[in-house]
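Scroll down for the structure; my scribbles are underneath it.
The values are calculated or read from the model by the stated rules, or taken from the named source; none is laboratory data. None of these values were measured; they are calculated from a predicted model. With ideal geometry, Cβ positions are generated from the backbone for all residues, glycine too; neighbour counts draw on all protein chains shown.
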């Protein structure tokens, strides 16, 4: 059976190609129209000027023909991919920056023409103005010297042209230049790798504006609070299946979680750690792991799920729309997690070095398939006439997906203390193409450092001892609703602020108003009481149990009986009825009616609701529509 050689650059290929297979791959890589410009402007003269060398490697004399056929062109080209010396001679004879471009594409993978133009300050593709046409074909638009590469050109959409861009000053196509994987694997044996093939430790980054996230002691006090918060069902999910942005922000503030960019105005950037923590804890809950007896084992179990792709890497790509709706490659998680095992313990590695290391060694970073990417996944940029959708064509794949995925994953690892990170203001050299300052907030990553916890979780070491928690003590007074707390657990102090008010240096006072302050429904009350018992006291004194029982008894839902003037029927609660009848504030906002009925103006409902919390009543007024 004939072996079929894939050339899309997306599949595994044999290490060695037979001469016949090599011919088939080269022939499938190029059309006559795509390779002839390169042959005409460079390869013909190279063969003529290096006749002895080319004769030695059996390059046929077709180069002297004015218009060779495709088969004749392929016969000339194949020896250059077959013999390392011949390829290196050709590479060295090319004008700058082509030799460096060849090295970059061989070792880092395919590149868009826009990224190459920016990186090497060279002309890769001609604009419509330069070609004096509005509709060139891809081969005519490409600089002939770049015809050596396979070009997957994508026509720009009409919506792109009408988004305020100057049609004449643009190319008609997005060009993605690469060598198909069978050829690329062969060429790697011809060209030595440049810097980045190995991980090289660097000193601590000291750039202006660099921030370090290295203090992971708070992690072990944050996790139980975050887990308890999730168990109360407080986190909401959007219609698209993603964690609601406002809900994540509320969780951050409620649980006192330390963030990478706490003051960032970007709605996602300000709650990165909280989002990752919620995603991971939700995945653990889904698998039945919802206890926190051993925090280190809890974290290790979470990353066992991650490595098995039961936690989607798409969670770090919140700058892309539609990424959660497509199937992802399970090999990506394993590849990214394997990077941890390559890091030297306690030494800084530059983020760019890490990216090149992954690319040079061809780690699987292609999270979604091509057809799914350019049909469903897009990046929104700012146009002169509104938002523009930039779908994930191959030309954009590295910029919009691969780099943010790798950098974002190390923020995920840092969230759980596996690495320290050094980061600054996010910038990206290609962000200007999308009229943005950066592509992803993770563009600010500068360096990472493996921690002892990370070494344990990824299996490099066999033991790890969690930091010893400073002495702390929680005492619930048996005679009064006071909580005495000594300690520095910031997340726990944040929770105390939600249920009590400060009454002294280590003293907190609880009453109806503090407990019900941010509650709106009986479900909120139940959730808060459960959190209280989980984090503060599983078996509170009788006084507290009676207090909690009273709070729950006083939670009622009142459906409105009239759509225009809100009419409610009070429950048969003598204390509540007496309060409504006698309290001066309530008299001002409530019109009494017969048989436990009250009438409340719409504008007064929230005032009445908040006022009643002082007395332990959480009334869920169900307004008529």
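Pairs under 6 Å by beta carbon, first residue in a helix (DSSP H, G or I) in region 37-54, partner surrounded by fewer than 18 Cβ atoms within 10 Å (Cβ to Cβ), six or more apart or different chains?
37/144; 38/144; 41/144; 46/93
Answer yes if at least one residue in region 445-459 is under 17 Å from the mean Cα position of the chain (by Cα) and without any contact (Cβ under 8 Å) to a residue 24 or more places away in the chain, and no otherwise.
No, that holds for no residue.
Being surrounded by fewer than 18 Cβ atoms within 10 Å (Cβ to Cβ), under 22 Å from residue 526 (Cβ atoms) and at pLDDT below 75 is the filter here, so list the residues in region 539-580 that pass it.
If the condition is that a residue be surrounded by fewer than 18 Cβ atoms within 10 Å (Cβ to Cβ), under 22 Å from residue 526 (Cβ atoms) and at pLDDT below 75, then 556, 557, 559 are the ones that fit.
Considering each residue of region 61-74, count those that are modelled with pLDDT of 90 or more and either outside the structural domain of residue 27 (by TED's automatic domain parsing) or not in a helix (DSSP H, G or I) (or both), and give that number.
1
Conditions: (1) in contact with a helix residue (DSSP H, G or I) (Cβ under 7 Å, 6 or more places away or on another chain); (2) surrounded by 15 or more Cβ atoms within 10 Å (Cβ to Cβ). Residue 285 meets all but one. Number of the miss?
(2)
Can you name the residue in region 1-23 that is assigned to a helix (DSSP H, G or I) and surrounded by fewer than 18 Cβ atoms within 10 Å (Cβ to Cβ) and is also modelled with the lowest pLDDT among such residues?
Checking each candidate, the answer is 19.
Can you confirm whether residue 260 is surrounded by 19 or more Cβ atoms within 10 Å (Cβ to Cβ), in contact with a strand residue (DSSP E or B) (Cβ under 8 Å, 6 or more places away or on another chain) and not assigned by TED's automatic domain parsing to the domain that holds residue 489?
Yes: the conditions hold for residue 260.
Grab the strands (runs of 3 or more DSSP E) fully contained in region 424-510, keeping just those with 3 or more residues being touching a helix residue (DSSP H, G or I) at 6+ places or on another chain (Cβ under 7 Å).
445-450
Which number in (1) touching a strand residue (DSSP E or B) at 6+ places or on another chain (Cβ under 6 Å); (2) within 11 Å of residue 281 (Cβ to Cβ) marks the one condition that residue 251 misses?
(1)
Does residue 437 satisfy the criteria of being assigned by TED's automatic domain parsing to the domain that holds residue 349 and surrounded by fewer than 20 Cβ atoms within 10 Å (Cβ to Cβ)?
The answer is yes for residue 437.
Could you tell me whether region 333-354 includes any residue that is more than 27 Å from residue 212 (Cβ to Cβ) and in contact (Cβ under 8 Å) with a residue 12 or more places away in the chain?
yes
Looking at region 198-213, which of its residues are surrounded by 15 or more Cβ atoms within 10 Å (Cβ to Cβ) and assigned to a loop (DSSP other than H, G, I, E, B)?
199, 205, 210
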